[in-house]
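A short write-up of the structure that comes next.
The values are calculated or read from the model by the stated rules, or taken from the named source; none is laboratory data. In this text the structure is predicted, and so the values were computed from the model without any measurement. No Cβ is skipped: glycine too gets one built from the backbone with ideal geometry, and neighbour counts run over all protein chains shown.
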Amino acid sequence: MHEFEAERLVEEAYRAWDAQDWAVAAGLLERVLAHHPDAPKSPVWWYDAALAHKFLRNWAKAYELGREAAARAPRGEGDPAYWNLGIAATVQRDWATARQAWEGFGIRLPEGEGEIEGRFGAACVRLDTGGEREVVWIDRLCPTRGRVMNVPGSAGRRFGEIVVHDGEPKGRRVVDGREYPVFDELLLFESSDLPTLTVTVHAAEAGDVEALVDLFSGHDYGAEPASSFELLCACCSEGTHERERRVHAGGQQVLLAAPEREARRLLEEWAGRTGSGRSWTGLEPVG
């Protein structure tokens, strides 16, 4: 392929890019790269072709092209080619390449081999639920994976599942003066076996509801009172939002994540700990 033809195809590729026609953009860049893999501008082309396939959720191609992009990127300088390769390698469960990518970006990982099980702190993820777009808290296991720590209200989603999220924050949550990033979910990486249940509880004080949440949390289960949910418009959700967990007394629905037998036992334990009027009714599975 002559240089003039390559330039024409690259221009066409970026017109398609501007139109968000990722498949056409990637295909044209790949045609050029097949003939000019190491041209002066090829690192950018490799990166953009891999990124287009990431947008398409074509993880095999994002991984293949991402390896080429990372091979042409400086190590330890925060180059995004490594980050995108880290995501694609994680989705492909190529842990050796994922580790190399995160370290190439400049991130220190826990020592060892295989799947990364680190402590990267709390963050939020906007679940991809086919339109509901619920934001939940996660415990980050690596730069791109996190375990869901809320009981989601979205159908089919569960406490304890592991999600892969994007690297660019789309919003912030502020709790007690500290900011936490909100990432978009890319895919459900590992499902959870814990069912979601619903129950109506009655409590004399807000502290009684908090005690229920703490009791389930202490057994590695989840409890999410309806009064802790907050509806936000898309604009507010993607902005910086100060979040204050609020629960109220009285009667309300609570979502639980636990085997039904264990949920009944813990509810009875909670109701029996005080004579202040704690009670529950109507425990049943969701969905």
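A few notes on this one:
- Looking across Gly239, Gly272, Gly218, one residue alone is more than 21 Å from Leu127 (Cβ to Cβ), at pLDDT below 95 and not assigned by TED's automatic domain parsing to the domain that holds Asp166. It is Gly272.
- Of the candidates Glu244, Glu185, Glu260, Glu210, the single residue that is modelled with pLDDT of 95 or more and not assigned by TED's automatic domain parsing to the domain that holds Leu127 is Glu260.
- Scope region 265-287; condition of a type outside the set (Lys, Arg), more than 21 Å from Thr196 (Cβ to Cβ) and in contact (Cβ under 8 Å) with a residue 24 or more places away in the chain; matching residues: Thr274, Ser276, Gly277, Ser279
- Note on region 94-112: residues that are in contact (Cβ under 8 Å) with a residue 12 or more places away in the chain, farther than 24 Å from Tyr180 by Cα and assigned to a loop (DSSP other than H, G, I, E, B) total 1.
- Residue selected from region 212-222 under the condition buried (at least 17 other Cβ atoms within 10 Å of the Cβ) and of a type outside the set (Phe, Trp, Tyr), by the criterion nearest to Ser276 (Cα to Cα): Leu212
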